[in-house]
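The values are calculated or read from the model by the stated rules, or taken from the named source; none is laboratory data. These figures come from a predicted structure and were not determined experimentally. Cβ atoms come from the backbone with ideal geometry, glycine included; neighbour counts cover every protein chain shown. These accessible areas exclude ligands, DNA and RNA; they are computed on the full protein's heavy atoms, side chains included. Shrake-Rupley method; radii C 1.70, N 1.55, O 1.52, S 1.80 Å.
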Amino acid sequence: MQASLSLPTLSPTIPRSNYVVQSKPINLRFCGLRRETFGFSSLSHSDSHRVRVSAPLRSATVSVSASSSANGSPPKSFDYDLLIIGAGVGGHGAALHAVEKGLKTAIVEGDVVGGTCVNRGCVPSKALLAVSGRMRELQNEHHLKALGLQVSAAGYDRQGVADHANNLATKIRNSLTNSMNSLGVDILTGVGTILGPQKVQIGSSDKVVTAKNIIIATGSVPFVPKGVEVDGKTVITSDHALKLEFVPEWIAIVGSGYIGLEFSDVYTALGSEVVTFIEALDQLMPGFDPEIGKLAQRVLINPRKIDYQTGVFASKITPAKDGKPVTIELIDAKTKEPKDTLEVDAALIATGRAPFTQGLGLENIDVVTQRGFIPVDERMRVIDANGNLVPHLFCIGDANGKMMLAHAASAQGISVVEQVTGRDHVLNHLSIPAACFTHPEISMVGLTEPQAREKAEKEGFEVSIAKTSFKANTKALAENEGEGLAKLIYRPDNGEILGVHIFGLHAADLIHEASNAIALGTRIQDIKFAVHAHPTLSEVLDELFKSAKVKEHVSSPGVSGSFVSQDKRDHQHQEKRSNLRESRTTWPKIFFAFVSWLFSSFNGFKKYLHS
């Protein structure tokens, strides 16, 4: 299950006195990202390029906060090179990369390996969505008839579906555990509590381990607003819903983001008579690009047994008791005046997720959370209450709030390992894709159109939009799945890709071509020459990039392997050959002329002496 998408946030302001001026330019190794993407080629010692020195760099030093020093001196020797608190997807990715880099690594897990994603999120939810997708297709007589198929009434075994989700989570969890064991990663069971610099207590025992570097990767839990009473039976979070203990006839879903949309897909396909969305903002799917959101509403909500109320808060939700239904009291989101009361069979709280950062011992290192999130800089280094970096301490994933997605946590963990092994690394969060696994799917990377236009207004550039439809794609039409749209947001002056949004068949798989292009800094004028197999869904993006209009005089800045027309290459080669031939004939002439001059000068000098 995807958590609510959070846009990359700026790191907390750090006092100017904590910066030092580098005497030499620094080479920043970005995550597959050319420096030109950020508008600079290197960092120098000018005032406009002040940077905080990086702890992992050999030539760097970091000002240690007084609070850290007060909790004891760092140990002189360590049990581990790297200790990771949390064995979710982020911690697992960091551990595997650390072993690859030769670090002695341990991972601390107070619950179960795999964290939220494997046990209560991405993995089991995809199992349920796989079932709902097949049920939806088998129930769509019009779709089957168009393909020439005849299928009798479809049914399902609720417990069998629930077992499928649970078994998949168990299988993936065991695979993660086995992979770490086979590579020599120590798995320490218990809650990890930071006692001081580079020291962590495991569980309630006296066992204390030391590590040269520590990563916090504790993830998140479902966020439950005030006034909502969760009983785990009739008022549930996504954790409970994934068990699929029953399919209610009428369920209210509070929140219309990723989690809410995916479960609306599951419940309507499995037989719920009514699904009611309760959304505090004025429109459904507020985190999506508005144009994609409108199309998704037309396809995913309007034709299905779904109704909705927007601009309202669920101020109080009471579970079903003594034969009475679940009651939901709604108030106006702006005026806070009572608006309505719903009586339903069940309510799913899908209002996003909250960081799990309590009990970590952050007070021992003078770190204060912000709305529960641990403050970090762009390199995931933890920042204390005074704005200083806490040496050798990092935080990745949902706990830092930069982007609450499992694969973002993994990418951040890999970035941290690169740093602690001596290679500076900055992750470009705008290149990280997100997806909603409804039927059809929604995916995105980069900026939405409103965000891009706001950025353009501030920085003074133009924004253009290109679109292509799945209705023009042969593979989509063969599948009888022509409903879909791909949207490109870009700069026509230089071909920079600002964002790509896709709604349609296998959109979650298609988005990565755009994601990689943003990460690598590839411009539209280059990627439009890429070749796509026919007939495939990938041609949706092929047509999308080809339809973009980039100014002709613009050339891509320094892309390795850039496409140049054959005529132009031939002309360049011919010009080089001509220059080479000319140089081969010119230099001998100059040489013989020089020799002739010397000879004549020598003869003239001899005549002068004789005279």
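Accessible area of segment 428-525 with a 1.4 Å probe: how many percent of it is carbon plus sulfur?
Details: 1720 of 3540 Å².
Reported share for carbon and sulfur atoms: 49 percent.
Could you check how much of the accessible area of segment 121-185 is carbon and sulfur, as a whole percent, using a 1.4 Å probe?
Details: 1910 of 3800 Å².
Accessible surface attributable to carbon and sulfur in segment 121-185 totals 50 percent.
What segment 417-482 shows is 42 Å² of accessible area per residue, with the surface traced by a 1.4 Å probe over protein heavy atoms.
Dividing the Cα radius of gyration of segment 380-439 by 2.2 N^0.38 Å, with N the residue count, gives 1.27.
A straight chain from Glu552 to Asp163 at 0.36 nm per residue would run longer than the Cα-Cα distance by 134.3 nm. Approximating the spin labels as points 7 Å out from Cα along Cα→Cβ, the Leu144-to-Ala456 distance works out to 4.7 nm.
Can you give the accessible area per residue of segment 187-276, in Å², using a 1.4 Å probe?
Numbers: 3160 Å² over 90 residues.
I get 35 Å² per residue for this part.
Using DSSP, restrict attention to beta bridges with both residues in segment 269-346 and report what percent are antiparallel, rounded to the nearest 5. Walk me through the intermediate numbers first.
Details: 13 of 18 bridges.
So the antiparallel bridges in segment 269-346 amount to around 70 percent.
Checking every one of the trypsin sites (Lys or Arg not before Pro) in segment 368-419 against DSSP loop status and a limit of 13 other Cβ atoms within 10 Å picks out Arg371. The charge dipole of segment 286-366, taken about its Cα centre with unit charges on the Cβ atoms of Lys, Arg (+1), Asp and Glu (-1) only, comes to about 300 debye.
Dipole check for segment 338-466: with +1 at the C-beta of Lys and Arg, -1 at the C-beta of Asp and Glu, and the Cα centre as origin, the magnitude is about 220 Debye. Taking every C-alpha pair closer than 8 Å and separated by at least 6 residues, the mean separation divided by the residue count of segment 303-385 gives a relative contact order of 17 percent. Taken per residue, the accessible surface of segment 334-404 reaches 39 Å², heavy atoms only and a 1.4 Å probe. Label zone of Lys334 (point 7 Å out along Cα→Cβ, amide N under 15 Å): in segment 232-257 this covers no residue at all. Taking every alpha-carbon pair in segment 142-234 and binning the separations at 10 Å intervals from zero gives 10, 20, 25, 22, 12, 6, 4 percent. One chain, two ends: Glu343 and Asn302. Fully extended at 0.36 nm per residue, the span grows by 12.6 nm beyond their Cα-Cα distance.
Our summary gives segment 147-290 a relative contact order of 16 percent, counting only alpha carbon pairs under 8 angstrom and 6 or more residues apart.
Rounded to a whole number, what % of the accessible area of segment 189-266 do carbon and sulfur atoms account for, probe 1.4 Å?
Values: 1610 of 2860 Å².
Within segment 189-266, the accessible surface is 56 percent carbon and sulfur.
About its Cα centre, segment 174-322 has a charge dipole of approximately 400 debye under the convention of +1 per Lys or Arg Cβ and -1 per Asp or Glu Cβ, with nothing else charged.
Over the Cα atoms of segment 96-146, compute the convex hull volume and normalise it per residue, giving Å³. Intermediate values should be presented prior to the final figure.
Working: hull volume 4.3 nm³, N = 51.
Spelled out: Cα convex hull of segment 96-146, divided by residues, is 85 Å³.
With an 8 Å Cα cut-off and a minimum separation of 6 or more residues, compute the relative contact order for segment 286-346 in percent. Mind showing how you got there, number by number?
Numbers: 73 pairs, mean separation 14.2, N = 61.
Over segment 286-346, the number comes to 23 percent.
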